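Reviewing the structure listed below.
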Amino acid sequence: MIKILVSFILGSILLSCNTGQPIATLEVELPDSTMGIDVPASINLDNITTYTGDLSLFEVTNGQSIEVPVQISNGEKRVLSWLVTGDNSIDKRKYELVKGKSAEAEIVQATKEDGGLVIHEGDKNLLRYQFETMYPPAGVDSVFKRSAFIHPLWAPHGQELTRIQAPDHMHHYGIWNPWTHVLFENDTIDFWNLMRGEGTVRFAEFQSILEGPVFAEYKSLHEHVVLKNGQDKVALNEVQKVRVYKPEKNPELFIVDITFTYNCATDSPFKMLEYRYEGLGWRTTEFWNNQNSEVLSSEGKTRIDVDGTKARWCIVQGEVEDNDYAGAVMMSYPSNYNYPEPLRIWPIDQYGRGDMFASFSTTKDTDWLLEPGKEYVLKYRFLVFNGHMDAEKAESAWKYFAESPNVNVLKN
């Protein structure tokens, strides 16, 4: 667990590299190796100071102070966020928080273009969220139209890791999350298989868009809509929050956090019935097949035997363009329903060539009842990378996702 010890500085001690007024000293302990992977850290500023002006953060190592990019989010509480660099030689990090404007740093931007929101660092694209309705290719039934999905998800070197509207599954849309077998108002509705015309998921509005030197983030409202029998009725509201952290010291990696918050849109319950695939899905790049890609779960399962097993995390990786290798670690959060969640991974001989689809299928082996007036949350993290990922690195990354920072504020 990341342990953050905060103690107020006595007197008027100043850092040699900074003339701002000190506010606090932060000590971050990393009990487990980070395996060179940056770790997001944050702290509630309201527990430290009432000061609302500019703040800077400096990492103090061997008597030297180096400024660290920080980002303040203002909501019900003020939260200071930064990335603890994945340096395995140091298990404790010391930071000085001071008053004063931070040095200019390149920000992670969120730019609207052509019906999508592109999250990028300069000219380096990381993720695109499609908020306008996308129609299928000419000659294909418009029932396959869809909004509210992620495509592309780019690898750090720029290769696309997602695919949409594949001829074999025209309803597959990059990274997306409909429910397949739902009991709603005494009828069963399929929000996944669009060709049935029973239901869909659509973008309604953005609730917020943030950008900054540590991360870019959007929160969007999605509506799960019943279309069966000529209806256009919203059955479930979903707020999707996606935060993309800046690739910092290690340009081969970056982190994407995805949070789904659900509540019933009517006085009727929304019951996801047991089914082999539904929930968070990832249709991967068409470049991958059973000869050039691989799967490994937290339980040691591979493409041959992983489908239907439960896992904390799952590595999906393979060869990509430019003689490169890339992929992502899909991670599930411990408070998720039916955790550890079942996986749906296409069999190794899918369509002969072994096309890849990966999913945390929350209700693969059980029902899940959402009741009116209650809120339900699912959290996931994607560690996106170039190169090869192994189990040790994936486990380390999952630990620092699963175990929330422990923050102590010691007032003098």
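The values are calculated or read from the model by the stated rules, or taken from the named source; none is laboratory data. None of these values were measured; they are calculated from a predicted model. Cβ atoms come from the backbone with ideal geometry, glycine included; neighbour counts cover every protein chain shown.
Brief remarks follow.
- Residues of the stretch 197-236 that are acidic (Asp, Glu), within 28 Å of VAL256 (Cα to Cα), buried (at least 18 other Cβ atoms within 10 Å of the Cβ) and touching a Leu at 6+ places or on another chain (Cβ under 8 Å): GLU217, GLU223.
- The stretch 256-271, residues that are within 25 Å of the chain's Cα centre (by Cα) and part of a loop (DSSP other than H, G, I, E, B): ALA265
- Scanning the stretch 117-140 for residues that are closer than 27 Å to VAL70 by Cα and more than 16 Å from the chain's Cα centre (by Cα) yields GLU121, GLY122, ASP123, LYS124.
- Looking only at the stretch 49-108, and only at residues there that are of a type in the set (D, E, K, R), part of a strand (DSSP E or B) and under 17 Å from LEU30 (Cβ atoms), the one that is modelled with the lowest pLDDT: LYS92
- Residue match in the stretch 159-167 (condition: surrounded by fewer than 18 Cβ atoms within 10 Å (Cβ to Cβ) and out of contact with any Pro (no Cβ under 8 Å at 6 or more places or on another chain)): yes
- The residues listed here are TYR333, TYR351, TYR339; of these, the one that is at pLDDT below 95 and in the same structural domain as THR266 (by TED's automatic domain parsing) is TYR351.
- One residue alone among GLN240, GLN231 is of a type in the set (S, T, N, Q) and farther than 26 Å from ASP365 by Cβ, and that residue is GLN231.
- Which listed residue is modelled with pLDDT under 95, among the charged types (D, E, K, R) and on the phi < 0 side of the Ramachandran plot, from LYS271, LYS249: LYS249
- Taking the criterion of being part of a strand (DSSP E or B) and either in contact with an Asp or Glu (Cβ under 6 Å, 6 or more places away or on another chain) or not aliphatic (A, V, I, L, M) (or both), the residues of the stretch 119-135 that qualify are HIS120, GLU121, LYS124, ASN125, ARG128, TYR129, GLN130.
Let's see how each residue does on (1) farther than 20 Å from GLU217 by Cβ; (2) assigned by TED's automatic domain parsing to the domain that holds GLU252; (3) hydrophobic (A, V, I, L, M, F, W, C):
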| site | (1), (2), (3) |
| --- | --- |
| GLU113 | no, yes, no |
| GLY116 | no, yes, no |
| SER142 | yes, yes, no |
| LYS145 | yes, yes, no |
| LEU153 | no, yes, yes |
| GLN159 | yes, yes, no |
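- Residue match in the stretch 180-197 (condition: touching a strand residue (DSSP E or B) at 6+ places or on another chain (Cβ under 9 Å), closer than 19 Å to PRO152 by Cβ and of a type in the set (D, E, K, R)): no
- Just one of (1) assigned to a loop (DSSP other than H, G, I, E, B); (2) under 25 Å from ASN292 (Cα atoms) fails for ALA138. It is (2).
- When we screen VAL320, VAL256 for residues that are within 18 Å of ILE150 (Cβ to Cβ) and out of contact with any Asp or Glu (no Cβ under 9 Å at 6 or more places or on another chain), the only hit is VAL256.
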